[in-house]
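Single-structure report; data block below.
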Amino acid sequence: MKLEEKYIAPSSQLMADYTNGDDSILRYFSYAPSLEQAQKRLQSLAEHPVDRKQVSSIIEAYMNGFGLSETARENLQQFEQGAPVVVTGQQAGLLTGPLYTVHKAISTILLAKQATDELQTPVVPLFWIAGEDHDLAEIAHVYRETNGRIEKLNYPHAKFGKSAASQAPLDYEEVSAFIEEYFRSLPETSHTKQVHGLVFSHLRQAKTFTEFFASLLNHFFQQEGLLFIDAANKQLRAYESQFFCRMIENSKAIAESVVKVESSLQNSGYTAGIDAKEEAAHLFLTIEGERLLLERNSDSFIVKNTALRYTEAELLEIARTEPERLSNNVVTRPLMQDLVFPVLAFVGGPGEIAYWAALKEAFELMGMEMPIVMPRLSVSLIDRRTAALLDKQQLSFEDVVAERKIPQLRNQLMESIRDIETEKKIDKVQQQLTAEYDELMERFANVSAGLKPLVEKNLRIHLDQLAFLKNKLQDEIAIQNSTQFNQLAAIENALLPESGWQERIYNPIPYFNQYGVGLVEDLLALPMSYDKTHKIVIL
């Protein structure tokens, strides 16, 4: 396994400026994206009002269901004794969701270790599972490569409506059939049986999407002591009751601040992506099992697209007595995270960091300071076949993902093998036919103007058939040279599937299938620098 670190410019201007330390975006954050001011942040956490014993017991009770490793138990003890946390989070995707979920966990572990060394005090890694999320379309799917094509497999989720991932029950027979179908697309290797057994052993123990997700992720990171908590956990919700009350009482001010800051970001040339509205409450309420969005209307809170209405006093009563019915959105989730935990640093992806750019004033309204916001490590895995094809085509990783040269090479290859003479002959026939039909058009129009559309339609049919012949000629030539086209497609599918980053499309299972379930440990052992470079791992 070989590690290369290359700077690949981010696709968004906000992330480019943020990682390069541009003041025009840094003013929207409390800290620059580094640990240089970690000591200052640590001091600001000294007065954090966390009930460490209670929060630790909530995490322990949750993790016991998945197997609490000795390292995780030690981290819990460190937390109880005063350690801050480095936190990341993600939806409960099937088979852990996209690779970047694993990369987030690795980033959090590595950053916590680095902070521990630099501060000379324990710092604990924590994964916040967004089990409250009801967008199951974002959760219940996987991508696979079949016959050179990227295919999306969707697990049927419509029956769950707007149920949260932690409440939507998994039907073992249905999910196992879905995953078996996915496994059939993977090549048989010496690791397949072990990977298959591992996945299904965790599936059998899971009753919800979130449990399946947490069980798998815990398996891969338990030796590192990564702590987990489900945002929808009932005991955690009870602890958060007081914080929901504060959010309800400050909802108007929070909404106004986010709208104002998002407008300021747009004027600076950035996009936060929240599209905030002043009437937003930035909270959800669960009613009859469905998670529904709340909005403010005058002095009341209304459930969007319904006639349901709650006074502030009624909503506060729900927060006090039934806090499990309330949940956060992209604006209030970071606030809740920092109200519950003493967060030294948050590790997020580009989209999350764009959201956070709009939240500094919201943190201050809640009497808090935004933590250090660190971009997660971005990683691409290059398997042996892809590495060999890159060498054969004399391409670098940057050529494929940064310069996007594959389409250009595909066009050049097509140009080099085209039957130009035959194509010219077809073009000549088209021109001659069009000229002959122009004369026919005149003759028919002289008989009756109503016959002109008939002639035009007849011409289009002939021209379409000639175009069809030309395309078939090109297709046949491409087939005869398919090896070269297939090699280019294989490189693109491996490194830039669906024209996007590999880590946003594929889940980890195909890589475990090729290289074994110890791959996560191998990645953690690599000397990755926590910086703005892209990590290229040649397997």
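Rule-based calculations on the coordinates, nothing more; no lab input. Quantities reported herein were computed from a predicted structural model and do not represent experimental measurements. Here the Cβ positions follow ideal geometry from the backbone for every residue, glycine too, while neighbour counts run over all protein chains shown.
Each peptide in 132-140, 431-439 gets a packing score, the mean of other Cβ atoms within 10 Å over its residues, and the list from highest to lowest is 132-140, 431-439. Between Glu188 and Glu314, the distance separating the two model label sites (each 7 Å from Cα on the Cα→Cβ line) works out to 6.2 nm. Would you mind checking the tilt of helix 406-417 against the longest principal axis of the Cα atoms of the chain, expressed as 0 to 90 degrees and rounded to 10? Once rounded, one gets 10 degrees.
Using a simple charge model, +1 on the beta-carbon of Lys and Arg, -1 on the beta-carbon of Asp and Glu, nothing else, what dipole does the chain show about its Cα centre, in debye to the nearest 20?
For the chain, the charge dipole is close to 620 debye.
Express the Stokes-Einstein translational diffusion coefficient of the stretch 404-499 in µm² s⁻¹, to the nearest whole number, given a Kirkwood radius over alpha-carbon pairs, 25 °C and a viscosity of 0.890 mPa s. Taking Rh from Cα pairs, D becomes 151 µm²/s. Counting DSSP beta bridges with both partners in the chain, what percentage is antiparallel, nearest 5? Antiparallel bridges make up about 55 percent of those DSSP assigns within the chain.
When both the stretch 241-262 and the stretch 268-334 are represented by their alpha-carbon centers, they are found 10 Å apart. Computing volume of the Cα convex hull per residue in Å³ for the structure here picks out one of [x] 204; [y] 139; [z] 168, namely [x]. A straight line joining the Cα centroids of the stretch 460-505 and the stretch 337-365 runs 44 Å. Annotation: the residues Trp501, Trp128, sorted from fewest to most other C-beta atoms within 10 Å of their own C-beta, follow the order Trp501, Trp128.
Can you compute the helix-only [θ] at 222 nm over the chain? Use -39500 (n - 2.57) per DSSP H run of at least 4 residues, normalise by all residues, nearest 500 deg cm²/dmol.
Mean residue ellipticity, 222 nm, calculated: -16000 deg cm²/dmol.
Other residues with beta-carbon under 13 Å from the beta-carbon of Glu278 carry, at +1 per Lys or Arg and -1 per Asp or Glu, a net charge of -1. Protection proxy ranking for 510-516, 492-498, using the average of other Cβ atoms within 10 Å per residue and placing the highest first: 510-516, 492-498. Other residues whose C-beta falls under 15 angstrom from the C-beta of Asp464 contribute a net charge of +2, scoring Lys and Arg +1 and Asp and Glu -1. A protection proxy built from the mean count of other Cβ atoms within 10 Å ranks the segments 255-263, 479-487, most packed first, as 255-263, 479-487.
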